[in-house]
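Following: one structure in structure tokens, then a few remarks.
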Amino acid sequence: MKDKGVLSEEEALMILRQLACGFQELQRNKIIHRDLKPANIFSNAGEFKIGDLGFARVLEKTTDLTKTMLGSLCYMAPEILRNRKYGFPVDVWSLGVVLHQMVIGKRPFGNPFIGDFDSMFECIEKTKLTFEDSKISEEMQELIQAMLTIDP
């Protein structure tokens, strides 16, 4: 993304598929990543992997919840920002932010200098996702909106 700025839908979906396989493996092992962002996605020869599991947490069951406030502000799910219990859907949210960034060229909510959890949550609540000036398909828009649902 640093080189191209915006990826084609085909490129983004290829990356998304590989990351989804990685998340399946994490979930199969009852691991929540909690800090997915472009800097934690590694690529080598067209292969994409989820890395930096420093904030990851192993749960006893896939239905368990946790409450620790961890992650990178602009990629945090609303339930983390509101200090509520959360589970695997927080990773879906973060991946939705990354997907938006891949196909639109910027994150959907705020900027990295907002500063605090409440301000970021307010920004998410007040921002209506629109794709008016983008050239992405309706299906991609629906996928991003489904991944960025405030109530998981």
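The values are calculated or read from the model by the stated rules, or taken from the named source; none is laboratory data. Note that this is a predicted model, so its numbers are computed, not measured. Neighbour counts run over all protein chains shown; Cβ positions are idealised from the backbone, glycine included.
So is THR68 of a type outside the set (Asp, Glu) and more than 23 Å from HIS33 (Cβ to Cβ) or not? Spell out how you get there, then give the answer.
Numbers: of a type outside the set (Asp, Glu): yes; more than 23 Å from HIS33 (Cβ to Cβ): no.
No: the conditions fail for THR68.
Being acidic (Asp, Glu) and within 21 Å of ALA20 (Cα to Cα) is a property that GLU122 lacks. None of PRO89, PRO78 is of a type outside the set (Lys, Arg) and under 24 Å from LEU13 (Cβ atoms) except PRO89. Check ARG34, ARG57 and return the single one that is within 14 Å of the chain's Cα centre (by Cα) and over 25 Å from ILE136 (Cα atoms). Of the residues listed, the single one that is within 14 Å of the chain's Cα centre (by Cα) and over 25 Å from ILE136 (Cα atoms) is ARG34. When residues in the range 34-60 are screened for being surrounded by 11 or more Cβ atoms within 10 Å (Cβ to Cβ), part of a loop (DSSP other than H, G, I, E, B) and not hydrophobic (A, V, I, L, M, F, W, C), 5 of them pass.
Could you check the range 94-152 and list, in sequence order, the residues that are among the polar types (S, T, N, Q) and either modelled with pLDDT of 95 or more or surrounded by 11 or more Cβ atoms within 10 Å (Cβ to Cβ) (or both)?
Looking only at the range 94-152, we keep the residues that are among the polar types (S, T, N, Q), and these are 94, 101, 111, 119, 127, 130, 134, 137, 141, 145, 149.
Matches in the range 94-152: SER94, GLN101, ASN111, SER119, THR127, SER134, SER137, GLN141, GLN145, THR149.
In the set (1) in a strand (DSSP E or B); (2) under 13 Å from the mean Cα position of the chain (by Cα), the condition left unmet by GLY71 is number (1).
The criterion of being closer than 27 Å to THR127 by Cα and assigned to a loop (DSSP other than H, G, I, E, B) holds for PHE109. Considering only residues that are hydrophobic (A, V, I, L, M, F, W, C) and in contact (Cβ under 8 Å) with a residue 12 or more places away in the chain, look in the range 21-33 and name the one that is surrounded by the most Cβ atoms within 10 Å (Cβ to Cβ). Among those that are hydrophobic (A, V, I, L, M, F, W, C) and in contact (Cβ under 8 Å) with a residue 12 or more places away in the chain, it is ILE32.
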